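Below you'll find the structure, written out as structure tokens, and then a few comments.
The values are calculated or read from the model by the stated rules, or taken from the named source; none is laboratory data. Quantities reported herein were computed from a predicted structural model and do not represent experimental measurements. Here the Cβ positions follow ideal geometry from the backbone for every residue, glycine too, while neighbour counts run over all protein chains shown.
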Amino acid sequence: MLNVVRAELRKLRRPTLFFGTMGAALFFTGLITSFIYLMIDSPQGNGDRGRSISREVLALANGSVNGFASVGGFLGIIALCVFAAQTAQEYTYGTLRNLLIRQPGRMKILVGKLVSMALFAIAMIAIAAVVSITISYILAPGAEVNTDLWFTSAGFEAIFTTFVNVTISVVAFGIVGMILGLLLRSPISAISFAVLWLLIVENLLIAVKNSLQSWLPGAQLSAIATGGAVDLTYKHALTVGGLYVAVGAIVASVLFVRRDVAN
Amino acid sequence: MPNTAISVTDLSKKYDDRLAVSHINFEVPLGIVCGFVGPNGSGKTTTMRMLLGLITPTTGQGHILGEPIEHPEKYLSRVGAMIEGPAFYPALSGYENLMVLAKLGGFPIERVQQLLDKVGLGDRGKSKFKTYSLGMKQRLGIAAALLPEPKLLMLDEPTNGLDPEGIQEVRALLRDLANQGTTVFVSSHLLSELEIISDYIVMLRKGEIVFAGPIGELMAQQQPTIIAKSLNHSDLQKIVEIAEAAGHHAVIRNDSVHVLAEMDWAPVLNKAAFDAGITLAQLAPQLPNLEETFFEMTGDK
């Protein structure tokens, strides 16, 4: 399986893909983190869906990662697109047959792909974390936010916990991308379907009926990144989101292992 | 140590109601070039995919290098293959594409540049695959198939898109590999192409085996033809009558008479034609080529 990981990393280090993905991650990280501090007194709010994040909240030990946690959902969507494209392209380019001739263990191919893309995602998350915390630290004085507690032991613990939560969330989004890539076998179809569902359909459904927030997959995975949300506990999000991912992964894996490679 | 590279028994593949491959049986000995011939849609690629573990047979069994095809992990490390044209990542260079496969198979990375040189892409290895011509893509596909230093090389239409020089190079490469002990199983719908390089032939038509065996044996089964041309077109029918009177089947084809007869009957025909007042412009004994043999055996033309 290590050979699969090495081979996949060779594809992921392609400059256009690597710098394009990191650029998108940095853009969203910079934008969302900056909004929190630059719009701290705005009546429209400075957080997700018009929510206000006060100076007092930002001054807590976990204040440094507020922006980073908020960007977790966007990082998840980026990861979903990368995972979906990297998986489905094997069908559209016909390269899956090359992979299976060199490594006939289909589960090894899947797990190797997942591990390599998870490593890619972790690199993206780490860069986003550093950039978000740096921007927060630079903008905090101008927004009159006290940063004394940020780099205490409790502060570092919060950074670590948030990093883990965002990683779980982003990799889970990525697995959803892989599942869609395997099921639809086309990068465009997989990404369009996922983005349409996560950014439009789920938000519309939640706007119509708020309680659906506790059951829709995208909402669960985003809530994991932030350590839970209003009316949605971390544990609930982890359980329901984990179930969605597990069921999808089992179905897609069985199909991948059993399906003829005829293209 | 098995003495066959490929052995297939009752192998079938059914898609919905259609049998793409129907209960085929054949064996390919080790260390030869075996042509796998048949028209487009005859089931060649489907058979190759089954042999490589890419699709599951509906019925039957197969063995590659002595290992059952249900366990491709036991033999694929010794098999190189290019199926249904070269497939690579367009945004990666030829070199990077081979590196991906070299890493995946755990092959020495030095082989990548060696193989690029071997197939004539040494100076274009850094160019992106999407900028390659069809011939260059085909060469890269062959290089990828050679990565494992295979005991069995399976190539599906490897000369597609190659210019005459490239075709000759591929022929020479395949012959070299066979001389070094690699079994080459190569498919093509261009029968004349395979006739030149193959020691052994497996003929497929509409999913069924028409012939499998040494090419010499196949040709020996075929009756030689004598081709006769007269100065006068109106004499052709008379030549047919002379041949048929002597018990040989004869037909007029492309301004000449094709007589199914042994070569030593040519002087007899010449004399009979002279006696009948016919001046022959050409009298040539000719063995049927693979293409004619194929059509004769399948009755397609």
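For segment A:213-248, the set of residues classified as surrounded by fewer than 18 Cβ atoms within 10 Å (Cβ to Cβ), assigned to a loop (DSSP other than H, G, I, E, B) and of a type in the set (G, A, S) consists of A:G228 only.
Scan (1) modelled with pLDDT of 90 or more; (2) of a type outside the set (F, W, Y); (3) within 18 Å of A:I168 (Cβ to Cβ) for the single condition A:N62 breaks and write down its number. Going through the list (1) modelled with pLDDT of 90 or more; (2) of a type outside the set (F, W, Y); (3) within 18 Å of A:I168 (Cβ to Cβ), A:N62 breaks only (1).
The rows are residues; the columns are (1) under 20 Å from A:R258 (Cα atoms); (2) in contact with a helix residue (DSSP H, G or I) (Cβ under 6 Å, 6 or more places away or on another chain); (3) at the interface with chain A (Cβ under 8 Å from one of its Cβ atoms); (4) among the aliphatic types (A, V, I, L, M).
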| position | (1), (2), (3), (4) |
| --- | --- |
| B:V8 | no, no, no, yes |
| B:E27 | no, no, no, no |
| B:T47 | yes, no, no, no |
| B:P57 | yes, yes, no, no |
| B:E67 | no, yes, no, no |
| B:K103 | no, yes, yes, no |
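Looking only at segment B:136-171, filter to residues that are outside any helix (DSSP H, G or I) and more than 25 Å from B:I32 (Cβ to Cβ); which one of those is farthest from the chain's Cα centre (by Cα)? Filtering segment B:136-171 for residues that are outside any helix (DSSP H, G or I) and more than 25 Å from B:I32 (Cβ to Cβ), the one farthest from the chain's Cα centre (by Cα) comes out as B:D163. Across segment B:105-129, the number of residues qualifying as under 28 Å from the mean Cα position of the chain (by Cα), within 14 Å of chain A (Cβ to nearest Cβ) and in contact (Cβ under 8 Å) with a residue 40 or more places away in the chain comes to 2.
Per-residue answers, yes or no, for (1) of a type in the set (K, R); (2) closer than 29 Å to B:P285 by Cβ; (3) at pLDDT 85 or above:
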| residue | (1), (2), (3) |
| --- | --- |
| B:R175 | yes, yes, yes |
| B:A178 | no, no, yes |
| B:L191 | no, yes, no |
| B:L204 | no, no, yes |
| B:G216 | no, yes, no |
| B:A220 | no, yes, no |
| B:A228 | no, yes, yes |
| B:D235 | no, yes, yes |
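So, in segment B:88-98, of the ones that are of a type in the set (A, V, I, L, M, F, W, C) and surrounded by 21 or more Cβ atoms within 10 Å (Cβ to Cβ), which residue ends up nearest to the other protein chains (Cβ to nearest Cβ)? Only one residue tops the list, namely B:F88. Looking across segment A:91-125 at every residue that is basic (K, R) and at the interface with another protein chain (Cβ under 9 Å from one of its Cβ atoms), the one that is surrounded by the most Cβ atoms within 10 Å (Cβ to Cβ) is identified as A:R102. In the set A:A123, A:A143, only one residue is aliphatic (A, V, I, L, M) and not in a loop (DSSP other than H, G, I, E, B); that residue is A:A123. Is it the case, given these coordinates, that A:A88 is of a type in the set (A, V, I, L, M) and either more than 29 Å from A:M117 (Cα to Cα) or surrounded by 18 or more Cβ atoms within 10 Å (Cβ to Cβ) (or both)? Judged against the criteria, A:A88 is a match. Within segment A:175-212, the residues that satisfy the criterion of being within 20 Å of A:G242 (Cβ to Cβ), aliphatic (A, V, I, L, M) and crowded, with 20+ Cβ neighbours inside 10 Å are A:I175, A:V176, A:M178, A:I179, A:L180, A:L182, A:A194, A:L198. Checked against (1) buried (at least 18 other Cβ atoms within 10 Å of the Cβ); (2) part of a helix (DSSP H, G or I); (3) hydrophobic (A, V, I, L, M, F, W, C); (4) free of Cβ contacts under 8 Å to residues at least 60 places away in the same chain, A:A79 passes all but a single condition, namely (4). For first residues located in segment B:172-195 and on the phi > 0 side of the Ramachandran plot and in contact (Cβ under 8 Å) with a residue 24 or more places away in the chain, partners that are among the charged types (D, E, K, R) and surrounded by fewer than 21 Cβ atoms within 10 Å (Cβ to Cβ) and lie 6+ apart or on another chain with Cβ distances below 8 Å form the pairs B:G181/B:K151.
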